[in-house]
Amino acid sequence: MPLDGGKVRLRDFSENDLDDVAAIIGDDRVTHWLAFDSRNREGAASMIAAAMDAARIVPRTEFYLASAGSSTDRVIGFGRLALGGIRSAKLGYAIHADHWGQGYATATARTLVEFGFGELGLHRITAAVGPENQRSARVLERLGFRPEGRLRDHVHTNGAWRDSLLYSLLEHEH
Ligand SMILES: CC(C)(COP(=O)(O)OP(=O)(O)OC[C@H]1O[C@@H](n2cnc3c(N)ncnc32)[C@H](O)[C@@H]1OP(=O)(O)O)[C@@H](O)C(=O)NCCC(=O)NCCS
C-alpha cells in the first residue's frame, strides 16, 4: 500500500477519513445498492476501525481500502477485496454519489483486480451485484467479469431480502 490506480490511489484508512466515509455510507443514494443500510457517523467510525484492524492481521485476508483522488488525499470511495477459499476473493466498491459517472469505480475495481491477480496470486475474483444495479454491472463487464447466476435472497438490506447476480473473473481472463 498504497496502490496507484491512475485517477485514484488506494490506501489504508485512517481516523482522519471519518468525514469523507460518513458522507459516502450515510447517503441513501449509495447504500440503496449495498448490502447494508445507511450508517451514521458512529457507524462510519466503526467501519474505519474494522478496516484498520483487518489491515494489521498477518497474513492479511482483507484489503478494505480508501479510494482517494490522485491530486488530493480526500476519500471519494472505497474498494474491498476479501480473501476466502483457495486463491479466491470477493470484490466490492462504492463511490460518493456526487462523483458517479467519472470512471472512479472502474479505476478502483481495476486496481484491486490487478493487485489480486498480480501480487496476491489469486485465481478467481467474484462480485455480487443487485439485479437492478446496472452501473455496477457495467463496471464489472468492462473489466471482463462474466455473470455466473443468481443468488436468491442473498442479502437483507433496506428492509427486504434481495437477490444478487454473481459475477466472476478468472486469472487467465483479465
Ligand atoms: C456502482 C458505482 C460504484 C459506479 O461508480 P462510478 O464511479 O459511477 O462508475 P464508473 O464511472 O467507473 O462507471 C459507471 C458505468 O455505468 C454507466 N452508467 C451510468 N449511469 C447509468 C445508468 N443510469 N444505467 C446504466 N448504466 C449507467 C456509465 O456509463 C459507466 O459505464 P461506461 O463507462 O461504459 O459508459 C456507483 O454508482 C456506486 O457507488 N453505487 C452505489 C454502491 C454500489 O452499487 N456498489 C457496488 C455494489 S456491487
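Nothing in this text is a laboratory measurement; each read-out follows from the coordinates by a stated rule. Here the structure is a predicted model, which is why all the values come from computation and not from measurement. For neighbour counting, all protein chains shown are included, and Cβ atoms are generated from backbone atoms with ideal geometry for every residue, glycine included.
General observations
- Projected onto planes of every orientation and averaged, the convex hull of the alpha-carbon atoms in the stretch 3-173 covers 9.4 nm².
- A DSSP coil position with no more than 14 other Cβ atoms inside 10 Å describes the following GluC sites (Glu not before Pro) in the stretch 116-150: E119, E132.
- Exposure proxy order (Cβ contacts within 10 Å, fewest to most) of T126, T108: T126, T108
- Charge-dipole axis of the chain as Lys and Arg at +1 and Asp and Glu at -1 on Cβ define it, positive-most pick from I24, F115, Q102: F115
- Potential lengthening of the chain between H174 and H123 amounts to 17.3 nm, from the contour at 0.36 nm per residue minus the alpha-carbon distance.
- Relative contact order (percent, whole number), the chain, Cα cutoff 8 Å, 6+ residue spacing: 19
- Cα centroid separation - the stretch 44-73 against the stretch 90-162, whole Å: 18
- Fewest-first sequence of W161, W100, W33 by Cβ atoms within 10 Å of each Cβ: W161, W100, W33
- Take the Cβ atoms of I86 and A55, set R0 to 22 Å, and the FRET efficiency comes out at 0.45.
- Maximal additional length on extending the A97-R138 stretch stands at 13.1 nm, based on 0.36 nm per residue less the C-alpha distance.
- Dividing the summed -39500 (n - 2.57) terms of all DSSP H runs of n ≥ 4 by the residue count of the chain sets its mean residue ellipticity at 222 nm at -8500 deg cm²/dmol.
- This ranking places V30, V21 by how few other beta-carbon atoms lie within 10 Å of each, fewest first, which gives V30, V21.
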